[in-house]
RNA sequence: GGAGGCGUAGCGAAGAUGGUUAUCGCGCCGGCCUGUCAAGCCGGAGAUCGCGGGUUCGAGACCCGUCGCUUCCGCCA
């Protein structure tokens, strides 16, 4: 091996290197034996280079070349040769040259592959995860992992440049089961006691503010024991930030600057200097989502004004019981949307709790189909009120406000995809601001924190928030990109008295607060500075940048959708002795046959 | 916890209304081939059709159950 140490990578050689003797190390990507002449594509993470086994090489070398199978790991020595013009491959970065082979050494052989190493695999996801080390060899995965590296690098580069300190916080911490379920870690030294893995470094970063590290960040691994989704894993990575002596504007400025730097330095894309803002109420009312994809329109309108003038009792009843009737005009979709296709949209709405989806079509004469007979005499008013014109499809949703928003929002998202309204090359950021601080839980008949308990009410509610929690807006904000919640943050409470008032509103007992977060509340009594921050999902960011719809595509070793790793088969049963050491007893659920 | 989708060779798929040797592509094995770059050509091996039960003369297909994966709702920011 010593004399076959690589002197170039498979992506580095160009026409200018003509005549150079090189050693390449890599994997056999393709092997095309033409009887006389013979081509091998050698691949490493830098690219691919064509190796030529000329017709006049010694028989032994030709035979060795012929024996190379897919994914053999080899060292190749040869001479860089400029290809004749007619044989240049313009699709290959190294396509101007090839290596005339002089020597081959097999560093390792390879079994028959479970799937081919291609640019993008269409193989079954669990097979890909079981052989993840092979899946990661594909060009697509390599590019995404490299992109991810560039993104985290750019984050550090930017934040260091504006005086942030990267500080680690513990991953064995106290369980605070208010939000998601915690992953628990039993303590061997302390029988019956448990650590938890952090859902976020939230409490620790606030403590760092108390300590005076006024600009902190961390590329933090976080854990939540909840069911997975396309954009959710048990463990995930956040770029976690916190700052002292700031308002939300400062947080926005840093985040915008950081995103700008990430996109500029990794993809050469110039983002706007500052991002659009949308109030939570407006986002919900217009797009039916607190993470709207603004790459397309289809904004909702209020249909309530047209309800009293009609006999349609369904809408009337909903309005009378405090609900809303919303309209979405889909331009030019009347012809394309048959009753059947509309009922598919209705199914989408129903998964979000809607009872149905009403519709009508705009014609030259007036309104047609669906519920049009109830509104025919208001046709002109509806057309002008909704700014609808001939050939448009009008979808109508009547339900309580939240259900109406969510379900019509889901229909909107689906239409965005189905009608191909989305410009996939766009990266559309929007700040969602003015979230409600509290939410009323109808079942529990109690107020709950809409996000968490440590966020500030906006100034104008400081005197009234505990007597009238409903209308209170918090100093809370989300950064949304292309319909994904990319980051979430708030200005925190740093005053113990104010914190206690918030606990009172949400009925969180003082004793429990002391037990759970006593250390944080105590710290606030020692000159805690005003502070706030944000945490952005690295997995989601890279996923969106890479144009993928699952974060598994940008995580080197993800879990599958049932939270297991098909590769190492974790989680797994452990030795009885290990369990005993931890002072635990394991009760298995009844065996299913 | 719930809903939809899927499960056929190592991989990706086809298999109308049930009909006997289960099809195709990639990969694998053997052979041919002097310029390919998803090389090409010829030949070959490889499948208890996820599992269990049922209906039937006959089930990959139909019915019941079950397991697994997957997307979504719930959950979770």
TODO: Could you please find all residues in the range A:125-137 being in contact with a helix residue (DSSP H, G or I) (Cβ under 9 Å, 6 or more places away or on another chain) and either near RNA strand B (Cβ under 9 Å from one of its atoms) or without any contact (Cβ under 8 Å) to a residue 24 or more places away in the chain (or both)?
DONE: A:125, A:127, A:128, A:129, A:135
Open item on the list: Given the condition touching a helix residue (DSSP H, G or I) at 6+ places or on another chain (Cβ under 6 Å) and within 16 Å of RNA strand B (Cβ to nearest atom), answer yes or no: does some residue in the range A:509-532 qualify?
Closed with: yes
- [ ] Grab the strands (runs of 3 or more DSSP E) fully contained in the range A:336-440, keeping just those with 2 or more residues being under 30 Å from residue A:536 (Cβ atoms).
- [x] A:429-433
Open item on the list: Among the numbered criteria (1) at pLDDT 95 or above; (2) more than 21 Å from the chain's Cα centre (by Cα); (3) surrounded by 14 or more Cβ atoms within 10 Å (Cβ to Cβ), which one does residue A:217 miss?
Closed with: (2)
Open item on the list: Quick check on residue A:157: is it in contact with a helix residue (DSSP H, G or I) (Cβ under 9 Å, 6 or more places away or on another chain) and near RNA strand B (Cβ under 10 Å from one of its atoms)?
Closed with: no
Task: Within the range A:271-324, considering residues that are part of a loop (DSSP other than H, G, I, E, B) and within 16 Å of RNA strand B (Cβ to nearest atom), the one farthest from residue A:352 (Cα to Cα) - done: A:293
Open item on the list: If I ask for residues that are buried (at least 23 other Cβ atoms within 10 Å of the Cβ) and not in a loop (DSSP other than H, G, I, E, B), which ones from the range A:459-477 would you list?
Closed with: A:474, A:476, A:477
Open item on the list: I want to confirm something. Restricting to the range A:163-198 and keeping residues that are under 26 Å from residue A:257 (Cβ atoms) and surrounded by 14 or more Cβ atoms within 10 Å (Cβ to Cβ), which single residue is nearest to RNA strand B (Cβ to nearest atom)?
Closed with: A:169
Task: In the range A:29-46, the residues that are near RNA strand B (Cβ under 10 Å from one of its atoms), under 17 Å from residue A:102 (Cβ atoms), in a strand (DSSP E or B) and out of contact with any helix residue (DSSP H, G or I) (no Cβ under 7 Å at 6 or more places or on another chain) - done: A:39
Open item on the list: Please verify whether residue A:535 is within 17 Å of residue A:214 (Cα to Cα), within 16 Å of RNA strand B (Cβ to nearest atom), in contact (Cβ under 8 Å) with a residue 12 or more places away in the chain and surrounded by 20 or more Cβ atoms within 10 Å (Cβ to Cβ), treating the condition exactly as stated.
Closed with: yes
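Looking only at strands (runs of 3 or more DSSP E) that lie completely in the range A:47-109, which have at least 3 residues being within 11 Å of RNA strand B (Cβ to nearest atom)?
Filter on the range A:47-109 gives A:47-53, A:97-108.
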Open item on the list: It is to be established whether one or more residues within the range A:566-576 are touching a helix residue (DSSP H, G or I) at 6+ places or on another chain (Cβ under 8 Å), farther than 20 Å from residue A:225 by Cα and without any contact (Cβ under 8 Å) to a residue 60 or more places away in the chain.
Closed with: no
Task: Sole exception among (1) more than 13 Å from RNA strand B (Cβ to nearest atom); (2) within 21 Å of residue A:500 (Cβ to Cβ) for residue A:429, by number - done: (2)
Open item on the list: For the range A:353-378, give me the residue count where each residue is surrounded by 19 or more Cβ atoms within 10 Å (Cβ to Cβ) and either touching a strand residue (DSSP E or B) at 6+ places or on another chain (Cβ under 8 Å) or under 16 Å from residue A:412 (Cβ atoms) (or both).
Closed with: 11
Open item on the list: As an exercise: evaluate residue A:392 against (1) modelled with pLDDT of 95 or more; (2) within 30 Å of the chain's Cα centre (by Cα) and give the number of the one condition it does not meet.
Closed with: (2)
- [ ] Can you confirm whether the range A:567-581 contains a residue that is within 13 Å of RNA strand B (Cβ to nearest atom), surrounded by 13 or more Cβ atoms within 10 Å (Cβ to Cβ) and at negative phi?
- [x] yes
Open item on the list: Condition first: in contact with a strand residue (DSSP E or B) (Cβ under 6 Å, 6 or more places away or on another chain), assigned to a strand (DSSP E or B) and over 25 Å from residue A:274 (Cα atoms). Now tell me which residues in the range A:441-458 satisfy that.
Closed with: A:441, A:447, A:448
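The values are calculated or read from the model by the stated rules, or taken from the named source; none is laboratory data. Keep in mind the model is a prediction, meaning the values are calculated, not measured. With ideal geometry, Cβ positions are generated from the backbone for all residues, glycine too; neighbour counts draw on all protein chains shown.
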